[in-house]
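Trainee: Got a structure here, written out as structure tokens. Questions coming.
We did not get these values from a lab; they are worked out from the coordinates using the rules stated. All figures in this text were calculated on a predicted structure; none of them were measured in a lab. Cβ sites come from the backbone with ideal geometry, for glycine too, and all protein chains shown count toward neighbours.
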Amino acid sequence: MLPECRTECVPFPIPKFSMDESDIDGFMDKLKTFHEQFRDCFSRSEPWENLFRYLSGQFSGLERKSIEPMALHVEGGDVRCMQRFISDAVWNDDKILKRHHENISEEMGDKDGVLIFDESGFVKKGDDSAGVSRQYCGSIGKVENCQVGVFAAYASRHGYTLIDDQLFIPQKWFEDSHKERREKCCFPGDISFKTKPQIAAEMFRKIRDDEILPFKYVAADSVYTNGEGFLDAVENIPGVVYFLAIPSDTLFWFHEPVVTEKQFKHKGVIRSRMVVNKKEKIPVRVDNFAKDLKDYFWYRRTVAEGTKGPIDYKFTKRRVTLCKKGMPDRNVWLIIRRTLGKDTEYSFFISNAPRSTKLSTFVWLSGIRWAIEQCFEETKTELGMDHYEVRKYGGWHHHILTCMLAHFFLWHLKIRLGEKITSHYAVAA
């Protein structure tokens, strides 16, 4: 269950998602109405009909929600047909995603909405699934043979849901040694290696350019901050406030250092470059600064109300100048959060929020990534997002897309119809 931010925190609390054990009257009729709006996203009726069967299987009480058990469970299901539907059928993915965003905007849209970027791992056996590799898998907290997806979520005072996805393809998959695997997994011809920050930046620009989902805030993990592309993409949009995690070894100055021009000779040619004045103090690591900071400068705040009571941390904030390759970079807020108790753990964030921003806003933003974490937990535990057995690049994306649609549909029922959502959806066999 998502801990609900305290109501006095600004600008809004994230609502809880009810998962009651009661059935919903007319659930299948409502699902058919929801499914109807995607009819023109397929060139033929068969794949559109299989979309309904696939969604029905995801809402079933099956323990394993991979294609075969779902196809055998739902009315009219055929294993091979549903396998072709996910991996090989032609979908108008862009049209489906646009309609998905339009629905989210209508149900959850808010001028103070938040875009959240994060990743989720899917443990896999073997080497044949698209993009599979030994890499860090956040869902289990260690390096494992897995696939990793980069995701974007949307959160507002009305709810939270996933809005975009892309499979991260490790660089070795683009080497000649993996050519045969790329062909078997039906990689698009124009695909190329992109880092996770580059993928997130691409997602962000597409969401911004479409102008469908209103938002004010952007949050992301340090993986996306400490790389090329993403921070610049977000910072270039006027009025958008970012709150981004940073690594513990990030360097900064308390005051912007003086930079001077230094001349030097290179191969007989006089050249110049900008350098930090020698009289300036050396930059400080954020973790060293946090550990040395006296208790007087820390403020205890409640981030959320958990199932076992308030979730409290201590916070402090400073205006600083970041150091990048030995030179002053951007002027930002540095926000540090630390746990209570003896085994202190620190988290570090930066933000471009206005100077007048109160600590309570940063406290609220420090907990906002719970929304995307809940999206992962709910789609995996309730909708079988990690039960798939497809190997092709397109099949992975289609499966994830149906999970996104299914998760939003439950929020649709909660928001528009005021129904109690059940964890056992009583879908007819």
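Trainee: Most fluctuating residue of SER45, SER66, SER351 in a GNM of the chain with Cα springs under 10 Å: which is it?
Mentor: Of SER45, SER66, SER351, the Gaussian network model singles out SER45 as fluctuating most.
Trainee: Short version: what are the Cα gyration tensor semi-axes of the chain, square root of 5 times each eigenvalue, largest first, in whole Å?
Mentor: 42, 28, 19
Trainee: How far is helix 27-36 tilted, in degrees, relative to the longest principal axis of the Cα atoms in the chain, given as a value from 0 to 90 rounded to the nearest 10?
Mentor: Helix 27-36 sits at roughly 70 degrees to that axis.
Trainee: Next question. What do you get when you divide the Cα radius of gyration of region 309-426 by 2.2 N^0.38 Å, with N the number of residues?
Mentor: Values: Rg = 20.4 Å, N = 118, 2.2 N^0.38 = 13.5 Å.
Here the answer is 1.52, to two decimals.
Trainee: Compute the Rg to Rh ratio over region 251-368 from the alpha carbon atoms, using the Kirkwood formula for Rh, and round to two decimal places.
Mentor: Here the Rg-to-Rh quotient is 1.14.
Trainee: Starting from the 7 Å offset along Cα-to-Cβ, what nm value, one decimal, do you get for the label separation of ARG318 and HIS255?
Mentor: Going by the 7 Å Cα→Cβ label model, 1.4 nm.
Trainee: Additional query: For region 84-234, what is the convex hull (Cα atoms) projected area averaged across all directions, in square nanometres?
Mentor: 10.0 nm²
Trainee: Still on this structure, please answer the following. Counting other Cβ atoms within 10 Å, which GluC sites (Glu not before Pro) in region 317-378 have at most 12 and lie in a DSSP loop?
Mentor: GLU345
Trainee: How high is the relative contact order of the chain, given as a whole-number percent (alpha carbon pairs under 8 Å, six or more residues apart)?
Mentor: 24 percent
Trainee: Then there is this: With runs of 4+ DSSP H residues as the only contributors, calculate the mean residue ellipticity of the chain at 222 nm using -39,500 (n - 2.57) per run, divided by the residue total and rounded to the nearest 500.
Mentor: Counting only the DSSP helices, I get -9500 deg cm²/dmol.
Trainee: Region 60-130: which GluC sites (Glu not before Pro) are DSSP loop and have at most 13 other beta-carbon atoms within 10 angstrom? Display every interim value, and only then the final one.
Mentor: Values: sites: GLU63, GLU75, GLU102, GLU106, GLU107, GLU119; in loops: GLU63, GLU75.
In loop regions of region 60-130 (DSSP not H, G, I, E or B), the sparsely surrounded GluC sites (Glu not before Pro) are GLU63, GLU75.
Trainee: So, one more: Could you tell me the ratio Rg/Rh of region 204-266? Both radii from Cα atoms, Rh via Kirkwood.
Mentor: Radius of gyration relative to Kirkwood radius: 1.13.
Trainee: Based only on other Cβ atoms within 10 Å, what is the fewest-to-most ordering of LYS281, LYS414? Can you show the working numbers first?
Mentor: On the way: LYS281 10, LYS414 19.
With the fewest neighbours first, LYS281, LYS414 line up as LYS281, LYS414.
Trainee: Still on this model: Report the trypsin sites (Lys or Arg not before Pro) located in region 57-109 that are in a DSSP loop and have at most 13 other Cβ atoms inside 10 Å of their Cβ, or state none.
Mentor: Here the trypsin sites (Lys or Arg not before Pro) that fit, given the DSSP loop and packing criteria, are ARG64.
Trainee: In addition: Using 10 Å bins from zero, what percent of all Cα-Cα pairs in region 117-192 falls into each bin?
Mentor: 18, 43, 28, 9, 2
Trainee: Here is a further query. Which residues in region 109-142 place their backbone N less than 19 Å from a point set 7 Å from the Cα of SER356 along the Cα-to-Cβ direction?
Mentor: 112
Trainee: Report the antiparallel proportion of the DSSP beta bridges in the chain as a percent, rounded to a multiple of 5.
Mentor: 90 percent
Trainee: Another question, then. Taking the Cα atoms of region 279-336, what is the range of coordinates along each of the three principal axes, in descending order and whole Å?
Mentor: Per principal axis, max minus min of the Cα coordinates gives 50, 22, 15 Å.
Trainee: Sticking with the crude label model, points 7 Å out along Cα→Cβ, report the distance from GLU211 to GLU63 in nm, one decimal please.
Mentor: Distance between label points: 5.3 nm.
Trainee: Still on this structure, I have one more. So for the pair ASN331, GLU280, with labels modelled 7 Å out along Cα→Cβ, what separation do we get in nm?
Mentor: According to this spin-label approximation, the distance is 1.3 nm.
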